[in-house]
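See structure below.
The values are calculated or read from the model by the stated rules, or taken from the named source; none is laboratory data. All of these numbers come straight from a predicted model, not from anything done at the bench. Every residue, glycine among them, receives a Cβ derived from its backbone with ideal geometry; neighbour counts consider all protein chains shown. Heavy atoms of the whole protein, side chains included, go into the accessibility calculation; ligands, DNA and RNA do not. Shrake-Rupley method; radii C 1.70, N 1.55, O 1.52, S 1.80 Å.
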Amino acid sequence: LCLLALFSLFQHKDAYQAILDGVKGGAKEKRLAAQFIPKFFKHFPELADSAINAQLDLCEDEDVSIRRQAIKELPQFATGDNLPRVADILTQLLQSDDSAEFNLVNNALLSIFKMDAKGTLGGLFSQILQGEDIVRERAIKFLSTKLKTLPEEVMTKEVEEFILTESKKVLEDVTGEEFVLFMKILSGLKSLQTVSGRQQLVELVAEQADLEQTFNPSDPDCVDRLLQCTRQAVPLFSKNVHSTKFVTYFCEHVLPNLSSLTTPVEGLDIQLEVLKLLAEMSSFCGDMEKLESNLKKLFDKLLEYMPLPPEEAENGENAGSEEPKLQFSYVECLLYSFHQLGRKLPDFLTAKLNAEKLKDFKIRLQYFARGLQVYIRQLRLALQGKTGEALKTEENKIKVVALKITNNINVLIKDLFHIPPSYKSTVTLSWKPVQKADASQKRASEDTTSSSPPKKASAGPKRDARQIYNPPSGKYSSNLGSFSYGESG
């Protein structure tokens, strides 16, 4: 029937209609229809709706070969006002579980993207906002993986602005996983990689984090949302894009409730995770409205993890109390955060604390430093001479990280033992990669997480050549060999 109709195709609309009716025939008629409907589609604009609907019927046929042929030809219908509708149809077809079909749909979408990016995006976002869950999920994943593969002439500034506008609509109601994918999409846009663009993204994340609302530490979803959002914000911060709003919220609302935090993620040390995020953000904090108050909260939390030495009996033995557990990971994060914010109020320890509290703090620092020195020596001894494969064992990996943590704490404690305290040292947080530096500037290299300027190499003695603090050895350090290091400290 289809072949006979071809002879008079250009003279008779009825002939094209006969081809459209072929979708109701047998397998052979359907295969021919799948090829000829798109081939002559442009010649019969008055039958456009019927033709697209007929092709769509073939896309849903039981015969997999017919479906694949129909899907492959769909881009030929993407002309003028029909393109958004074709994009909408293709987006719905992303729900296919047949891998060959799924790849055909992806290729078809990419091909019409190059014809009209905004029109294609219109179809995709229409399904993301209103389609079924499986279609929404796959459409978001399509955007997150395929947009970055498109050439610059397709991803124009106008197209990127359209993506941002539509993404904001979607972000009004998203799951945690969807939010992460959309941040991946948006942060990959060229127009948002400028300082103003990153600032715009930070504001978007802050809105998602709901920083204006009261924090509920006992609500796992509330805690998880804050962590998810903060993780997305951290890579955006820099000396020009400040983390002030997030750091303030963590100091005022999260730190005071640290021990009450709950999480839906099994096995996650939620307290350490929070402290790590705070440490990473603290380097890029701008002018803070309640700096002294928030430094006080940070200081009080630091004291909780820096114990006093156990009381001594008259004969010099411990008065029945056990050696406190030194939680190095927690202290690294808190000391680093305090060190970064303390730069903005350098007289906090000397002018804002009374003499008794300052003395108490110095005692805690000294006691912690004693245990630290013993542990550092043990770690160096354990790792001495080990290179290559030997350092890749799980046990030695833990020791290497532990050595980074303890060395960082050692540097920060030395700064705080200055009179007045110094805030000049820079360290790389133990979980962050160390940037390679020129040998002559190794000590002066700027930390990747620090906002302080690089130090110039001095012609005189190195800073460490002058003894700043030498923790005494004594009974408290004699039992520290049994300390173990794990994720929680």
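Viscosity 1.306 mPa s, temperature 10 °C: what is the translational diffusion coefficient of segment 235-282 from Stokes-Einstein with a Kirkwood Rh over Cα pairs, rounded to a whole number of µm²/s?
136
Cα-Cα pairs above 15 Å in segment 10-67: how many percent?
Roughly 38 percent, once rounded to a whole number.
For segment 41-108, what number results from the quotient of the Cα radius of gyration and 2.2 N^0.38 Å?
That works out to 1.05 for segment 41-108.
Farthest toward the dipole's positive end in segment 59-155, which of 119, 134, 147, given Cβ charges of +1 (Lys, Arg) and -1 (Asp, Glu) about the Cα centre?
147
Keeping every protein chain present and rolling a 1.4 Å probe, give me the accessible area per residue for segment 65-141 in Å².
In whole numbers, segment 65-141 has 42 Å² accessible per residue.
Please report how far the C-alpha centroid of segment 369-419 lies from that of segment 156-216, rounded to the nearest whole angstrom.
40
Quote the relative contact order of segment 80-172 in percent (integer), defining contacts as alpha-carbon pairs under 8 Å separated by 6+ residues.
Computed value for segment 80-172: 30 percent relative contact order.
Once you compute Rg and the Kirkwood Rh from C-alpha atoms, what is the Rg to Rh ratio for segment 49-198?
The Rg/Rh ratio comes out at 0.98.
Roughly to the nearest percent, how much of the accessible area of segment 331-396 is carbon and sulfur, given a 1.4 Å probe?
51
For segment 365-439, what's the radius of gyration and Dmax over Cα atoms, in angstrom?
Radius of gyration, then largest Cα-Cα span, for segment 365-439: 14.2, 45 Å.
Give me the net charge for the shell around residue 201: Cβ to Cβ below 12 angstrom, other residues only, Lys and Arg +1, Asp and Glu -1.
The answer is +1.
Determine the equivalent ellipsoid of segment 188-299 by diagonalising the alpha-carbon gyration tensor, then write out the semi-axes as square roots of 5 times the eigenvalues, largest first, rounded to whole Å.
So the equivalent ellipsoid measures 23, 17, 12 Å along its semi-axes.
What accessible area per residue, rounded to a whole number of Å², is obtained for segment 247-299 using a probe radius of 1.4 Å?
39
Segment 173-281: which trypsin sites (Lys or Arg not before Pro) are DSSP loop and have at most 15 other beta-carbon atoms within 10 angstrom?
239
State the percent of C-alpha pairs, over all pairs in segment 244-356, separated by a distance greater than 21 angstrom.
Percent of Cα pairs beyond 21 Å in segment 244-356: 44.
Once you have the Kirkwood Rh of segment 85-125 from its Cα pairs, apply Stokes-Einstein at 10 °C and 1.306 mPa s and quote D in µm²/s.
159
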